[in-house]
Amino acid sequence: MAAIFPAFRSGAIAPLECVKEGWALIKDQYWLFLGLTIVGILIASAVPIVLIGPMMVGIFLCLFQRQRHEPVEFGTLFKGFDYFGQSFIVALIKVIPIVILMVPFYIIMLAVMMTGMPRGRATPEQTSSFLFSLFGLELLFVIVLMVVGIAIEVFFMFAFPLVADRKLSGLDAIKVGFGACKANFGGVLGLLLGNALFGILGVLCCLVGVYLYLPVSFASYAVAYRRVFPEVPESFNPPPPPPSGWA
């Protein structure tokens, strides 16, 4: 029997409204969500591909509890490990394009260093030219990496929330999330770029601002997700499949 995927709305995301509603969602418990977000990111950064999935799912579990007006406890963050396998699949597939991009870059960087590095008594002009070329290559890579990263986020933004909220498998969460993001492309892109801009402004505020904004950013994604995937009542149960042999 074919899997029954959750329906989603299209054109449902207004970026600035999502940010405002995200702030309204957590402002009464801001310090709790700041702690949840910082701890989750710190744990995820210890072994990124392995731990980022459970931590992202845990953060969204907390946010969904808040949306349902349920008490939020710090320990809910670690319930993300209940979805370890499926969240790991999402994280692994999500990182593949980055790995594919990084391998040739490092090969090119090594080739440039091996063939272009001044040897012996190099003139200042030769040294400057080599360093300028190396810096230009690194800058180009950073720009390409940022563009690819945003492109990946555009289509993976709902994957972890779907694992947390609808208990989908990792592959199904990616498929459904991809379709939902495609149907809401403008709103998803606008929200990602808006949060990136706020993050840059936070960096300019002595780096502290970017961390203070993180819980608002996650909350805005939770709001956007709920706009696209409306809450399903707990009493709702899909009809069981018919017995084998039925038409």
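Throughout, read-outs are computed from the coordinates displayed, never taken from laboratory work. Values in this document were obtained by computation on a predicted structure and should not be read as measured data. Backbone-built Cβ (ideal geometry, glycine too); neighbour counts: all protein chains shown.
Relative to the current alpha-carbon distance between residue 197 and residue 95, full extension at 0.36 nm per residue lengthens the span by 34.4 nm.
Only alpha carbons enter this Debye calculation for region 137-219, each as an equal point scatterer, and the log10 of I(q)/I(0) it gives at q = 0.13, 0.14, 0.16 Å⁻¹ is -0.51, -0.59, -0.74. Counting 0.36 nm for each residue step from residue 131 to residue 146 and taking away their Cα separation leaves a gain of 3.2 nm. Between the residues 129, 155, 30, the greatest Cα displacement towards the positive end of the dipole of the chain, with unit charges on the Cβ of Lys, Arg, Asp and Glu, is found for 129. The ranking of 211, 106 by Cβ neighbour count inside 10 Å, starting from the fewest, reads 106, 211.
With a cut-off of 16 Å on the backbone N, the residues of region 197-233 near the modelled label site 7 Å out from residue 166 along Cα-Cβ are 222-233. Between residue 38 and residue 178, full extension at 0.36 nm per residue minus the direct alpha carbon distance yields a gain of 47.7 nm.
What list do you get for 37, 115 if you sort them by fewest beta carbons within 10 Å?
Listed from fewest to most nearby Cβ atoms, that is 115, 37.
Per-residue Cβ neighbour counts within 10 Å put 76, 127 in the sequence 127, 76, beginning with the fewest.
For region 1-151, treating each Cα as an identical point scatterer without solvent, what Debye log10 I(q)/I(0) comes out at q = 0.19 1/Å? Debye intensities relative to I(0), on a log10 scale: -1.24. Residues whose amide H falls under 5 Å from that of residue 12, counting only those 5 or more places apart or on a different chain, are absent, with hydrogens built in the peptide plane.
So which of 27/79; 27/175; 20/175; 20/94; 94/182 end up more than 26 Å apart, counting from Cα to Cα? Write out the running numbers ahead of the final one.
Numbers: 27/79 23 Å; 27/175 33 Å; 20/175 28 Å; 20/94 28 Å; 94/182 16 Å.
Checking Cα-Cα distances, 27/175; 20/175; 20/94 exceed 26 Å.
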